[in-house]
Amino acid sequence: MADRHLQRKSKYTTDRNIPGAFEGETVTRRRFMNLVTNGAGAVATAAFTLPALGFALAPVFKSEGWSWQAIGPPSDFNETDYVTRVVTVQEGSGESGNTLLYVRKRNPAIDTEPEDQYNGILAISSRCMHVGCPVRWTPAAQRFICPCHGGVYNIRGEVTGGPPVRPLDRFYTRINGSTGLVEVGPRYSVNDELRRFSPRLPGEPLDGIGQYVYPRQLAGPNKP
């Protein structure tokens, strides 16, 4: 009984009467090849999965630089047309860290969303919410138009045609009490009701389940 117990527990393949076993061998060639194959499969899977996972989660931990930047006195802007300004959204990135904004004063006749300390001056992003191409403001048509895929937005940045999935992003603004200048802060995204959300990437809708599916890029005050 004791011999059979020792034989059953032996680590050598010859003691376990495994066909093709060699003297002193503890792992069969078949098992060794299975381990090698499974290990190679795990490495290959990680090589594809980890970069994709990092890409998906990166926006959760990364945000644009947040600093209030002066863009001029309130008298530079009006309620019926946009003025362009360039601000820095990523410090230390040179020209690639800058972005173009379209800026105007709030017009109570058309801007019906609630007013607060951050939207007395409207600063709208020039980045299309389809794939990120630059849009152009066309005063004669009172429309923002994307030349890439035909996205069209009205004067408030709401989608009126084409493939964009949500209105144009906006930037927080304020009037500095010390200098009297209009200042631009961080970017934020809006849904079809112009409700504020922390920034999302182009192509990511914010209505319905979309507001929960896509990761937030943490930046700015009052971010839902």
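The values are calculated or read from the model by the stated rules, or taken from the named source; none is laboratory data. Quantities reported herein were computed from a predicted structural model and do not represent experimental measurements. We place every Cβ from the backbone using ideal geometry, glycine too, and count neighbours over all the protein chains shown.
Would you tally the residues in the stretch 145-181 being over 20 Å from the mean Cα position of the chain (by Cα), among the hydrophobic types (A, V, I, L, M, F, W, C) and within 23 Å of Gly72 (Cα to Cα)?
3
Given the criterion of a type in the set (S, T, N, Q) and either over 15 Å from Val103 (Cβ atoms) or outside the structural domain of Gln90 (by TED's automatic domain parsing) (or both), identify the matching residue among Thr138, Thr173. Working first, answer last.
Working: Thr173 fails: either over 15 Å from Val103 (Cβ atoms) or outside the structural domain of Gln90 (by TED's automatic domain parsing) (or both).
Answer to the selection: Thr138.
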